[in-house]
Amino acid sequence: MRKPKIVLLGAGYVGMMTASHLQKKLETSEAEITLVNKHEYHYQSTWLHESAAGTVSDDQTVMKISDIIDFNKVNFVKDVVVEIKPDEQKVILENGVLEYDYLVIGLGFEAETFGIEGLKEYAYSITTINACNKIRNKIEENLIKYKETGDEKLLSIIVGGAGFTGMEFIAELGHKVPQLCEKHNIDRNSVKIICVEAMQNALPGFADDLIEYAVRSLESKGIEFRLSNVVKKCTETSIIVENNGEQEEIEAGIVIWAAGIRGSRIVADSPIQNNRGRILVDEFLRAPEYNNIFVAGDCSLVLDPETGRPYPPTAQIAIQQSYPLADNLITLVRGNNKLKAFKFAPKGTVCSLGFDDGVGVVYGVKLSGWKAALMKKVIDNRYLFLLGGVPLVLKKGKFKFI
Ligand SMILES: Cc1cc2nc3c(=O)[nH]c(=O)nc-3n(C[C@H](O)[C@H](O)[C@H](O)COP(=O)(O)OP(=O)(O)OC[C@H]3O[C@@H](n4cnc5c(N)ncnc54)[C@H](O)[C@@H]3O)c2cc1C
């Protein structure tokens, strides 16, 4: 008898967790499972700000997919998804075509530049492990070039966005830049780290006292905030901002854009109804009009029933989605149709401010300082535990917090 074909696109939180559940719960005789990913490794997107700054090694952020997923149970295809053809139940890859009965889209996020001139061409983004390597290398290269040329703009690091990702990243720079300065014998005070933000406040969505704590903590590490500064243009060597109708050009050795993300372009270009690469899913995480396509993580839009607004895209929601998603696939493969609805249970959010500091709210309790930093490690290590048990926590876990 022909086995149903399940194809999982992307080996991020959605793909890895779903594949891991399926390999535990489904017999190989019941379905053919295929996981497709650009690389043979999985990386933790939630740790990318640390990779970009160089405070955590790629070795820790990245793990071989084969160390987690049993390739005797799940076919792994290292390839790039080029197109989804839902009416033909096919996925076009750079090097082939896959047919499916059930598809899971977990292709994650991309940077959103909102059409701002020059950002695509000149700004760096914290979006993939390779993109983060480029940021890390460019910052150090600039310091080396400064030693040779004395060109001070090379010492100017501009970060666009004081939201969650921007704040976590500049906090890592707050730790890393002094180390780099010592290594290259440069006065730390001559390096500028400037965070440019269009809103009046950093960290939208956080309580005022936590925002104040976070900004003070980062300012004490020599980070400069330019709030209410709207980025208008990026050039190879500067960023142009507008404040109260006045434009200003700030010289930059590197601009890192951390002020917006969107869903995958593959989703955006597909015939499935979507909004900037995000698909509004039904309660069972299915795409509109395609009952055999499930979408989760940053490619999905799930509405908060209380506010009617979409939940922010997070690893937390992606991980929670993977459980009913895998169960629903198993139900369908076994010829049943009683699907499980997904209901997000928000546990809170912690924004790290370096390895030893942070702010957040967990189960309604506000945290700041080392307690928030400790909680962040617990959250990070919990994911490793869910994915690969104690051995993965011991191999890749984070334990340094003071
Ligand atoms: C710096 C940073 C910090 C964050 N911190 C937190 C946090 O503290 N808590 C939290 O809950 N969330 C956090 N997030 C958000 C979180 O990382 C995302 O919500 C999460 O990664 C979404 O999971 P996903 O599985 O949808 O996508 P991803 O984890 O991004 O995985 C997508 C996968 O698809 C692959 N892929 C993409 N396109 C293709 C293609 N065309 N062909 C083949 N493969 C492809 C990618 O290589 C990747 O492996 C953070 C994000 C960033 C950037």
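For this structure, a couple of remarks:
- Entry note, the chain: relative contact order of 17 percent, from Cα contacts under 8 Å with a spacing of 6+ residues.
- Residue-wise HN-Hα couplings along the range 103-119, as the Karplus relation 6.51 cos²θ - 1.76 cosθ + 1.60 with θ = phi - 60° gives them from phi, are 10, 10, 9, x, 7, x, 10, 9, 6, 10, 9, 6, x, 5, 4, x, 5 Hz; Gly and Pro carry x.
- Computed over protein heavy atoms with a 1.4 Å probe, the carbon and sulfur contribution to the accessible area of the range 321-376 reaches 58%.
- When the helices of the chain are scored as -39500 (n - 2.57) per DSSP H run of n ≥ 4 and the total is divided over every residue, the value at 222 nm lands at -10500 deg cm²/dmol.
- For the range 277-340, the set of trypsin sites (Lys or Arg not before Pro) satisfying both a DSSP loop assignment and a count of at most 10 other C-beta atoms within 10 Å is given as K338.
- Taking trypsin sites (Lys or Arg not before Pro) across the range 120-181, none is in a DSSP loop with at most 10 further Cβ atoms lying within 10 angstrom of its Cβ.
- Computed over the range 228-267, relative contact order equals 28 percent, with contacts defined as Cα pairs under 8 Å that lie 6+ residues apart.
- Pairs exceeding a 30 Å alpha-carbon distance, out of K38/K85; K134/K371; K176/K366; K64/K377: K134/K371.
- Degrees, to the nearest 10: 164-184 long Cα axis against longest axis of the chain: 50
- Restricting the range 348-402 to chymotrypsin sites (Phe, Trp or Tyr not before Pro) in coil, as DSSP defines it, with at most 16 other Cβ within 10 Å: Y363, F399
- For the range 119-259, the dipole from Cβ point charges (+1 on Lys and Arg, -1 on Asp and Glu) about the Cα centre works out to 460 debye, to the nearest 20.
- Among residues other than P178 with Cβ under 11 Å from its Cβ, the summed charge is +2 (Lys and Arg +1, Asp and Glu -1).
- Under 19 Å from K232, Cα to Cα: lysines that are on another chain or at least 8 residues apart: K120
- Think of the range 47-177 as having a plus end and a minus end, set by charges on the Cβ of Lys, Arg, Asp and Glu; of V80, G160, T55, T55 sits farthest toward the positive end of this dipole.
- Net charge in the neighbourhood of G397 (other residues with Cβ under 14 Å of its Cβ; Lys, Arg +1, Asp, Glu -1) is +4.
- With Cα atoms, 0 to 90° folded angle of helix 370-396 axis to the chain main axis: 40
- Spatial offset of the range 103-182 relative to the range 1-45 amounts to 32 Å, using the alpha carbon center of each.
- DSSP beta bridge pairing in the range 265-402, given as percent antiparallel to the nearest 5: 85
- The chain: angle of helix 208-219 to the longest principal axis, Cα-based, in degrees nearest 10: 60
- With all protein chains kept in place, the per residue accessible area of the chain amounts to 47 square angstrom at a probe of 1.4 angstrom.
- Dimensions of the chain from C-alpha coordinates, computed as largest minus smallest value along each principal axis and given longest first, are 71, 44, 41 Å.
- Relative contact order (percent, whole number), the range 314-373, Cα cutoff 8 Å, 6+ residue spacing: 22
- Around A315: net Lys/Arg minus Asp/Glu count, Cβ-Cβ under 12 Å: 0
The values are calculated or read from the model by the stated rules, or taken from the named source; none is laboratory data. Note that the structure is a prediction, hence the values are computed from the model and not measured. Ideal geometry is used to build each Cβ from the backbone, glycine not excepted, and the neighbour counts take in all protein chains shown. Note: accessible area is taken over every heavy atom of the protein model, side chains too, but ligands, DNA and RNA are not part of it. Shrake-Rupley method; radii C 1.70, N 1.55, O 1.52, S 1.80 Å.
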